[in-house]
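Chemist: Provided herewith is a single structure, encoded as structure tokens, for subsequent inquiry.
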Amino acid sequence: MAMIAELQLRSGIKGESYEISKTMFSGIIESMGKIRAIDDCNGDKRLSIDTEKSFIDDTKVGESICVDGVCLTMVESYGNGFITDVSKETLTCTTFAKLSTGTTVNLEKALRLDTRLNGHLVSGHVDGVGLIKKRTPDARSDRFDIQIPEELDRYICKKGSVCINGVSLTVNDKNTLTFSVNIIPHTLEATTFGNLDQGDHVNIEVDIIARYLESLNNSFNSD
């Protein structure tokens with residue numbers, strides 16, 4: 001965390017910085033939920049999400065939950081689920097614009113300072129939407145080839161980190177505008193990756209370190 005703070009401070013030398021989220025996640029999925037209802041609210045949407053009661057037992061109204069890679073605020077809870085609002089901006093930048101009732105989503109609660117970081121630092125701020133071009137069996141794993149928007153291409157590198165639908169993953173291979181990841185059997189079972197296939201869209205958050213390094217590089221080059 002100290003490294004992140006230092007990068008944030010230094011990246012603002014020329015007034016160009018990326019504000020780090022006060023809430024962070026690890027990309028390690030804790031549970032899956034199911035969209036119970038989607039209500040239209042003057043251009044925004046309100047989601048009701050069913051999940052295991054144990055997932056929200058220690059969560060209070062106002063806390064952040066990462067839903068399919070998107071950091072959302074719990075505004076209400078009920079017996080076996082919670083309610084959250086989705087802004088127009090989020091609907092524009094993520095797969096949530098096409099979300100439907102019955103859809104299964106990945107869930108993760110915000111990190112605590114005494115929590116192990118088993119994945120990588122994830123802010124829950126989706127950078128863009130990717131398209132699954134192919135899903136191929138690869139020994140006991142499945143390989144997913146994903147096409148990404150041109151503006152995200154420079155942030156993806158082989159063996160680097162990427163967050164897809166809230167899941168922290170390592171990039172297996174990288175080509176122009178596409179990259180691949182291998183999903184092991186446990187992850188296929190414990191996340192929504194088991195339900196994904198060719199033609200599906202996914203939320204992508206690039207490694208936050210890559211964005212800070214780009215900002216630093218731009219600042220140094222403008223000196």
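The values are calculated or read from the model by the stated rules, or taken from the named source; none is laboratory data. Computed from a predicted structure; not experimentally measured. Quick reminder, even Gly has a Cβ in these numbers, built from the backbone with ideal geometry, and neighbours come from all protein chains shown.
Chemist: Inside the stretch 62-109, can you point out the residues that are closer than 20 Å to residue 162 by Cβ and out of contact with any helix residue (DSSP H, G or I) (no Cβ under 8 Å at 6 or more places or on another chain)? Spell out how you get there, then give the answer.
Modeler: Quick first cut of the stretch 62-109, residues closer than 20 Å to residue 162 by Cβ only: 66-71, 90, 93-96, 105-108.
Matches in the stretch 62-109: 66, 67, 69, 71, 93, 94, 95, 108.
Chemist: Select from the stretch 143-162 the residues that are part of a strand (DSSP E or B) and more than 14 Å from residue 130 (Cα to Cα) and write down the one among them that is modelled with the highest pLDDT.
Modeler: Taking the stretch 143-162 and keeping what is part of a strand (DSSP E or B), we get 143-147, 161-162.
In the following step, the residues that additionally are more than 14 Å from residue 130 (Cα to Cα) were identified as 143, 161.
Values: 143: 98, 161: 95.
Per the stated criteria, the residue is 143.
Chemist: Separate question: Does residue 191 satisfy the condition of being in contact (Cβ under 8 Å) with a residue 40 or more places away in the chain and of a type in the set (S, T, N, Q)?
Modeler: Details: in contact (Cβ under 8 Å) with a residue 40 or more places away in the chain: yes; of a type in the set (S, T, N, Q): yes.
Against the criterion (in contact (Cβ under 8 Å) with a residue 40 or more places away in the chain and of a type in the set (S, T, N, Q)), residue 191 qualifies.
Chemist: Give 107, 91, 117 a once-over and let me know the one that is surrounded by 18 or more Cβ atoms within 10 Å (Cβ to Cβ), more than 12 Å from residue 48 (Cβ to Cβ) and not charged (D, E, K, R). Reasoning before the result, please.
Modeler: On the way: 91 fails: surrounded by 18 or more Cβ atoms within 10 Å (Cβ to Cβ); 117 fails: surrounded by 18 or more Cβ atoms within 10 Å (Cβ to Cβ).
107 is the lone residue from the list that is surrounded by 18 or more Cβ atoms within 10 Å (Cβ to Cβ), more than 12 Å from residue 48 (Cβ to Cβ) and not charged (D, E, K, R).
Chemist: Determine whether the stretch 34-41 contains at least one residue that is without any contact (Cβ under 8 Å) to a residue 40 or more places away in the chain and more than 19 Å from the chain's Cα centre (by Cα).
Modeler: Our first condition is that a residue be without any contact (Cβ under 8 Å) to a residue 40 or more places away in the chain; within the stretch 34-41, this holds for 39-40.
The next check asks that each one be more than 19 Å from the chain's Cα centre (by Cα); those that pass are 39-40.
Yes, the stretch 34-41 contains at least one residue that is without any contact (Cβ under 8 Å) to a residue 40 or more places away in the chain and more than 19 Å from the chain's Cα centre (by Cα).
Chemist: To continue, here is another question. Has the stretch 147-161 got any residue that is crowded, with 21+ Cβ neighbours inside 10 Å, within 25 Å of residue 35 (Cα to Cα) and either within 16 Å of the chain's Cα centre (by Cα) or not assigned by TED's automatic domain parsing to the domain that holds residue 88 (or both)?
Modeler: no
Chemist: Just to be sure I understand, how many residues within the stretch 57-86 are touching a residue at least 24 places away in the same chain (Cβ under 8 Å), of a type in the set (Ser, Thr, Tyr) and either part of a strand (DSSP E or B) or exposed (fewer than 14 other Cβ atoms within 10 Å of the Cβ) (or both)?
Modeler: Residues flagged as touching a residue at least 24 places away in the same chain (Cβ under 8 Å), of a type in the set (Ser, Thr, Tyr) and either part of a strand (DSSP E or B) or exposed (fewer than 14 other Cβ atoms within 10 Å of the Cβ) (or both) within the stretch 57-86 amount to 3.
Chemist: Quick one: which residue in 192, 170, 176 is over 16 Å from the mean Cα position of the chain (by Cα) and outside the structural domain of residue 99 (by TED's automatic domain parsing)?
Modeler: So the residue among 192, 170, 176 that is over 16 Å from the mean Cα position of the chain (by Cα) and outside the structural domain of residue 99 (by TED's automatic domain parsing) is 176.
Chemist: For the stretch 91-142, how many residues are in contact (Cβ under 8 Å) with a residue 40 or more places away in the chain, part of a strand (DSSP E or B) and out of contact with any Phe, Trp or Tyr (no Cβ under 7 Å at 6 or more places or on another chain)?
Modeler: Residues in the stretch 91-142 being in contact (Cβ under 8 Å) with a residue 40 or more places away in the chain, part of a strand (DSSP E or B) and out of contact with any Phe, Trp or Tyr (no Cβ under 7 Å at 6 or more places or on another chain): 13 in total.
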